[in-house]
Each structure stands twice: as C-alpha cells, then as structure tokens.
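My structure is below; once you've seen it, I'll send some questions.
Read-outs: derived from the displayed coordinates by stated rules, not from any lab. Being a predicted model, the structure only gives us computed values, none of them experimental. Positions of Cβ are backbone-derived with ideal geometry, glycine not excepted, and every protein chain shown enters the neighbour counts.
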Ligand SMILES: [Ca+2]
C-alpha cells in the first residue's frame with residue numbers, strides 16, 4: 001500500500017462487482033452452515049438448502065478447547081474494490097470494510113454504509129478513503145470518523161453520523177470536516193485512524209511524500225506531516241487539543257502526539273502500549289512499540305530508517321525512539337502493521353502482535369513484554385503467501401482479520 005516510489009503501479013482490484021458475503025468455513029462438525037443472504041451478482045440468486053449435520057455429543061474433557069494444530073484463513077467477504085481496512089464498532093457484531101475508492105460497506109449488506117467517492121480521488125495508489133474509526137460510544141451517539149484524501153490530494157479528517165432511520169446506513173448530510181492538511185505529493189498520506197484507550201482520536205500522517213523526506217517534515221514537530229496526531233473530539237467542535245498533548249505550550253503543533261515518522265500506515269493500541277508500523281523507504285521496515293501515554297516521542301525519520309542511519313553515516317541516535325522490529329527489503333517492501341490478539345477463539349496466541357508485508361506475502365507475530373520480544377513466529381506455513389496484505393482488522397470480540405487489496409477479507413481462525 002504505502003509503496004516507496006511515486007511510480008508504483010496502482011493495484012488492480014476486482015472493482016466491478018459488489019461484495020459477496022461468503023459463508024464461513026465450518027470448523028466444527030456440529031455447526032450448521034450459514035446461508036448466504038446477499039445475492040451473488042454474477043449468478044442467479046438461489047436459496048442454498050441448509051444441511052444440518054447430526055449433532056454428536058462429545059465427552060466432557062477438562063480442557064475447554066482441543067489442542068491448537070495451527071491457524072488458517074477463513075474467507076468472510078470477497079469482491080471488494082480495493083479494500084484497505086476492516087473494523088467494527090465497540091460491542092457490534094457487524095464488520096465494516098473500507099474501500100479505497102470511497103465506500104464503506106458492511107459485510108452481508110448490499111448497499112454501502114457510506115459513499116464518499118465524489119469527495120475523493122485516487123490519482124496516486126496511496127490516495128483515497130484510508131481510515132475509519134467508530135466513537136467509543138458509537139452505540140449511543142452514532143458518531144464515526146473517516147480519513148481520506150480529497151480530490152486535490154489534501155488529507156481530510158471528517159466526522160459523520162449514522163442515519164437515524166437505518167443502522168446500516170450513514171447520514172451523508174451529517175458530514176463535518178474536522179481537519180485538513182495539504183499533501184505536497186500523492187504518496188505517504190498515512191491513513192490510520194483509531195481511538196486510544198484514553199478515548200482520544202489518533203490519526204497518522206506521512207511525511208508529505210516524494211522520497212528522502214524531501215520536504216523536511218519528519219523532524220519538524222510544528223507540522224502535522226510525519227506525525228501521529230491526538231485529538232479530543234468530545235470537548236469541543238470540531239475538536240479540542242487534549243491539555244496533556246506534548247506541544248500545547250509550544251515547540252510544536254498542538255495536535256502532534258509523536259513525530260519522526262515516514263508513513264505510519266497502520267498503528268494500534270493494546271493496553272498501555274502503542275504499536276506503530278512505519279513504512280520505510282528503500283532498505284528497512286520497522287515496528288515501534290512505546291507506552292501509549294508517552295507523548296512527544298521522536299521516531300527518528302529521516303535521521304534513521306529502521307536501525308540504520310539514513311541521511312548521513314554516524315548519525316546521533318540519542319533521543320530517538322528505536323524500533324523493536326526491523327526487517328530489510330530482502331524480506332518485503334512495505335510493512336503492514338496489525339494488532340495484538342485478544343480474542344477468545346485462540347487463547348494460545350493471546351498477547352501476540354500480528355503484522356505483515358505488502359509485497360512479502362507473509363504474516364508474522366511476536367510477543368512484546370517488558371521491552372523484550374518472545375515467540376517470534378512466521379505463519380506462512382499455516383496461512384500461505386498472500387498478495388498485497390494491505391491491512392489487518394479487529395472486530396468487537398477481538399478476533400483478527402487480514403485484508404488483501406485484491407478484494408478479500410479473511411478471519412484468522414484456529415485449526416483444532
Ligand atoms: Ca523510526
């Protein structure tokens with residue numbers, strides 16, 4: 001997704017057909033196969049007979065789950081147009097897919113939840129609708145936030161509300177633009193939007209694009225570019241600056257929470273930690289883990305790329321936040337940050353942070369505890385090699401999803 005040059009060829013997605021709700025693969029012999037409710041546009045709508053497998057009673061054992069044999073991917077949706085994210089509102093069992101051309105779709109629902117294709121453009125493959133976050137109190141207030149590049153390429157953070165009449169549709173008339181930031185080039189737009197454990201809204205923005213941080217934004221906390229922003233969307237309209245943001249008293253833009261980032265395409269929170277996957281230029285990809293409550297951290301770009309001096313040899317790394325994972329472009333080209341697994345289906349991987357690479361095709365995980373990495377795993381043997389893993393997603397129950405830009409949404413499920 002967050003490719004390194006301005007010349008990258010836009011990926012070709014299916015784009016022309018509507019999303020298809022795909023029946024999950026039954027992993028238990030007592031499960032009744034769910035019936036697809038959304039008609040498939042390319043074939044006659046048919047009713048699939050429900051075949052019920054006789055229930056067999058299994059003896060009660062002391063272990064609640066059979067032993068884990070491995071992980072696999074279960075298709076939960078297919079045929080999406082350049083999907084770049086999937087998420088759920090808190091406590092909600094629906095899955096919302098973000099399509100880069102400008103639509104948000106609920107898996108299993110025919111009509112789009114929101115369509116902002118008229119507001120955005122994809123002149124560059126890194127442009128479009130890139131982020132979505134539901135307010136922590138979405139069930140009560142129906143507020144959600146989107147991040148897109150507008151038709152002029154300008155980064156735009158906007159708020160919408162769900163329709164009063166239809167929970168599966170947004171109210172396009174509710175749109176309110178909270179923040180805009182001009183982008184000198186089409187790439188490095190960041191794109192992650194997420195609420196932290198503190199209830200603040202975080203937005204990642206890239207360094208403005210081009211290459212080599214040519215506009216000099218990485219080490220400038222007084223610009224919103226090359227940074228993660230932190231906003232209070234409850235205390236004021238359009239937003240308030242949290243009083244504990246690091247630059248409220250000067251030294252930087254008041255919205256800036258962290259800086260020194262090249263293109264923080266995806267980041268996530270887990271408990272008191274913030275995991276940031278910052279896309280590298282030509283040599284190194286990196287993942288940073290820092291206390292979520294630590295404001296003003298400098299992640300080093302472009303002084304460093306990963307653990308390597310970038311602008312000049314023998315650089316001074318003092319004061320820079322060092323990555324906890326780096327890998328070279330021998331293994332990939334653009335890191336796709338994911339999530340720490342906290343779901344119920346696979347307790348064996350509780351606490352494992354999953355990540356991938358857009359061209360490497362692999363999914364890996366680590367556990368990060370007390371500053372150390374344990375349990376580093378490569379899941380290619382289980383999950384196979386996938387084209388263009390553009391994002392992960394997490395549902396309200398904490399289960400993890402893999403988004404492939406060609407159009408497929410997968411859930412990570414156990415083999416038992
Ligand atoms: Ca860095």
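Separation between the residue 151 and residue 68 pseudo-spin-labels, each 7 Å from Cα along Cα→Cβ, expressed in nm?
4.9
At 0.36 nm per residue, minus the direct Cα-Cα distance, what do residue 385 and residue 308 gain on full extension? Give it in nm, one decimal, please.
24.9 nm
Is region 190-288 best put as rounded, prolate or oblate by its Cα gyration tensor, with a ≥ b ≥ c the root eigenvalues, rounded for a/c under 1.5, and otherwise prolate when a/b is larger than b/c, oblate when not?
oblate
Can you tell me the FRET efficiency between residue 282 and residue 315 if r is taken as the Cβ-Cβ distance and R0 is 22 Å, rounded to the nearest 0.05?
It comes out at approximately 0.85.
State the extension gain, in nm to one decimal, for the chain segment bounded by residue 374 and residue 348, taking 0.36 nm per residue of separation less the distance between their alpha-carbons.
8.0 nm
In addition: State the extension gain, in nm to one decimal, for the chain segment bounded by residue 397 and residue 237, taking 0.36 nm per residue of separation less the distance between their alpha-carbons.
54.5 nm
Going by a ≥ b ≥ c, the root eigenvalues of the Cα gyration tensor, does region 64-415 fall in the rounded group (a/c under 1.5), the prolate group (a/b larger than b/c) or the oblate group?
Because its axes are fairly even, with a/c under 1.5, region 64-415 counts as rounded.
Would region 294-346 count as rounded, prolate or oblate if I go by the C-alpha gyration tensor, calling it rounded below 1.5 in a/c and otherwise prolate when a/b exceeds b/c, oblate otherwise?
In terms of gyration-tensor shape, oblate.
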